[in-house]
Amino acid sequence: MTIDFKDPRQPNNCSKKNLNWKFFSLVLIALVMGGYFLFSSSQASSPSLVQASSDQAGQSPSPTLAVAAVVVPEIKREVLAGAIKSGDTFTSLFAEIFSPQEIYHLAHQCKETFALSRIRAGNLYEIHLADGNFDKFVYDIDDKDQLIIKKVDNEFDVVRKPIPYGLKQEVVQATILSSLFSAVNDVGERPELAISLADIFAWDIDFIRDIREGDSFKVLVEKRFREGEFSGYGPVLAAEFDNNGEIFKAFLFEAKDGRPSYYDEEGKSVRKAFLKAPLSFSRISSGFTNRRFHPVLKRYKPHRAIDYAAPTGTPIHSVGNGIVTRKGYTKYNGRYVRIRHNSIYETHYNHMSRYAKGINVGVRVNQGQTIGYVGSSGLATGPHLDFRMYKNGASVNPLRVKAPPVAPVPNELLAEFNKVKAAYATQFNEAPPIQISSLQPENKPVVGQ
């Protein structure tokens, strides 16, 4: 008989193996099913999986992934524009933008280009801001140039540039019926044009005594436009003035020295050694005479001068280039200036209200430069200029002095000058003729100049 010594409670090995295999099969099935569902889900949701067969069959491509646009915040730009007011300074304009230290350093940096202490009331300016911070400052120095201060990489860039004008050449013409200013105004132009015209012919025409009703003029002038708006006049390129039947012409031409000047049809300079008058527009209240009843002293005495009556403050111009030899005050002459023009001629200007800036003994002045202003200082009954001229130390009547012209166009430049003159003359000829009316037979002088 066989005796079995195994413990009857020990499990059977075959049953245990069957259980292990069933458990392993269930786990494997679960893994396969899970992988299948994961793969199906990713295939349905992924836009990057594209089947080659569908592309070849012409089916629509899978949708592309939408990328969100990056929104760049817009810079808020402001322009503070206006005109410099009386009492304004660069410091007051930028007190809320720059610190005192920044203003000091900026003023120092601008010194060589344009001193910020020289900003003037009435001149235009713009302050550009970007998100409330300084970006650019633009200031009109005069009618030609502007100062531009721009911030670049936390540094200041300072430049002086010409004002960007739009330019147009135009012929302006009119007939004088009452005054030069009225004639200019009647054709819709500004007084500055009348002043420019008077300056050009100041050596040949005395606009105080010589103007007659019926006189006429043509001017080829450069007009300036800024942002589409008329912004003043550039240079007068050519001018023609009919004064009591005598025709005067002037053409702008740049000669050797590089400075444009005016010449007549033959290339002779219209400039003379002396202006015909030290004031642009006024009237002669007393002429040159050896016997005049003095309104203050109440007796007759020589008056070897020309008196020009004009409002207090009217600019007085030197009639020629020269050097200031005397400046002072006397009981009779009041505030006066004396100028030596050469070894022969000297001129005196008396009864000034004040002197022009920079006029001192030894200073060289240019023809037409303002040396002072009309007043009634000294022995005078009202505001006027007492103008005297001396030749070799003796008094002469300024109205009878025939001043020689300055240098003409050089011979080597005459051909070029003639081309310029012909071009200007063509533009003159294309303009309609001047209509002259109300010409009186006696051809009397115009009053009220």
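The values are calculated or read from the model by the stated rules, or taken from the named source; none is laboratory data. Note that the structure is predicted; figures quoted are calculated from it, not measured. FYI the Cβ positions are ideal-geometry reconstructions off the backbone, even for glycines, and counts take in every protein chain you see.
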Please go through (1) in a strand (DSSP E or B); (2) surrounded by 12 or more Cβ atoms within 10 Å (Cβ to Cβ); (3) hydrophobic (A, V, I, L, M, F, W, C); (4) not assigned by TED's automatic domain parsing to the domain that holds THR426 for ALA81 and return the number of the only condition it doesn't satisfy. (2)
Exactly one condition in (1) crowded, with 21+ Cβ neighbours inside 10 Å; (2) outside the structural domain of SER261 (by TED's automatic domain parsing) is false for ASP157; which is it? (1)
Residue check, PRO410 crowded, with 17+ Cβ neighbours inside 10 Å and not β-branched (Val, Ile, Thr): no
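Condition check ((1) within 29 Å of ASN397 (Cβ to Cβ); (2) in contact with a helix residue (DSSP H, G or I) (Cβ under 7 Å, 6 or more places away or on another chain); (3) touching a residue at least 24 places away in the same chain (Cβ under 8 Å)) across all residues:
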position	(1), (2), (3)
PRO191	no, yes, no
PHE201	yes, no, yes
ILE208	yes, no, yes
ASP215	yes, no, yes
LYS223	no, no, yes
GLY245	yes, no, no
ARG271	yes, no, yes
ALA277	yes, no, yes
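From the list GLN109, GLN146, GLN101, pick out the single residue that is over 24 Å from GLU74 (Cα atoms), in a strand (DSSP E or B) and polar (S, T, N, Q). Before you say what the answer is, go through the steps one by one.
Values: GLN109 fails: in a strand (DSSP E or B); GLN101 fails: in a strand (DSSP E or B).
After ruling out the rest, the residue left standing is GLN146.
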Which listed residue is β-branched (Val, Ile, Thr) and out of contact with any helix residue (DSSP H, G or I) (no Cβ under 7 Å at 6 or more places or on another chain), from VAL159, VAL172, VAL184: VAL159
Go through region 127-137 and report how many residues are over 11 Å from ILE149 (Cβ atoms) and either in a strand (DSSP E or B) or modelled with pLDDT of 90 or more (or both). 3
Condition met for VAL187 (within 19 Å of the chain's Cα centre (by Cα) and of a type in the set (Val, Ile, Thr)): no
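Pick from ALA68, ALA95: which is farther than 24 Å from GLU155 by Cβ, hydrophobic (A, V, I, L, M, F, W, C) and either in a strand (DSSP E or B) or at pLDDT below 90 (or both)? Full working, then the answer.
Values: ALA95 fails: farther than 24 Å from GLU155 by Cβ.
Of ALA68, ALA95, the one residue that is farther than 24 Å from GLU155 by Cβ, hydrophobic (A, V, I, L, M, F, W, C) and either in a strand (DSSP E or B) or at pLDDT below 90 (or both) is ALA68.
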Among (1) of a type outside the set (Ser, Thr, Tyr); (2) at pLDDT below 90; (3) touching a Lys or Arg at 6+ places or on another chain (Cβ under 7 Å), which single condition is ASP204 missing? (3)
Out of everything in region 316-327 that is touching a Pro at 6+ places or on another chain (Cβ under 7 Å) and in a strand (DSSP E or B), what residue ends up being nearest to VAL363 (Cα to Cα)? HIS317
May I ask you to say which residue of LYS144, LYS168, LYS136, LYS151 is within 30 Å of ASP215 (Cα to Cα) and either of a type in the set (Lys, Arg) or assigned by TED's automatic domain parsing to the domain that holds PHE98 (or both)? LYS168
In region 328-345, which residues are surrounded by 20 or more Cβ atoms within 10 Å (Cβ to Cβ) and either part of a strand (DSSP E or B) or at pLDDT 95 or above (or both)? ARG335, TYR336, VAL337, ARG338, ILE339, TYR345
Run SER231 past the list (1) in contact with a strand residue (DSSP E or B) (Cβ under 7 Å, 6 or more places away or on another chain); (2) surrounded by 18 or more Cβ atoms within 10 Å (Cβ to Cβ); (3) of a type in the set (Ser, Thr, Tyr) and report the number of the one that doesn't hold. (2)
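Yes or no, residue by residue, for (1) hydrophobic (A, V, I, L, M, F, W, C); (2) in a loop (DSSP other than H, G, I, E, B):
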{"site": "ARG209", "(1), (2)": "no, yes"}
{"site": "VAL221", "(1), (2)": "yes, no"}
{"site": "SER231", "(1), (2)": "no, no"}
{"site": "GLU240", "(1), (2)": "no, no"}
{"site": "LYS256", "(1), (2)": "no, yes"}
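Taking ILE148 as the residue in question, decide whether it is in contact (Cβ under 8 Å) with a residue 24 or more places away in the chain and under 27 Å from ARG118 (Cβ atoms). Explain how you work it out, then say what you get.
Values: in contact (Cβ under 8 Å) with a residue 24 or more places away in the chain: no; under 27 Å from ARG118 (Cβ atoms): yes.
No: the conditions fail for ILE148.
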The lone exception for VAL138 - which of (1) touching a helix residue (DSSP H, G or I) at 6+ places or on another chain (Cβ under 8 Å); (2) crowded, with 18+ Cβ neighbours inside 10 Å; (3) within 22 Å of GLU229 (Cβ to Cβ) it fails: (1)
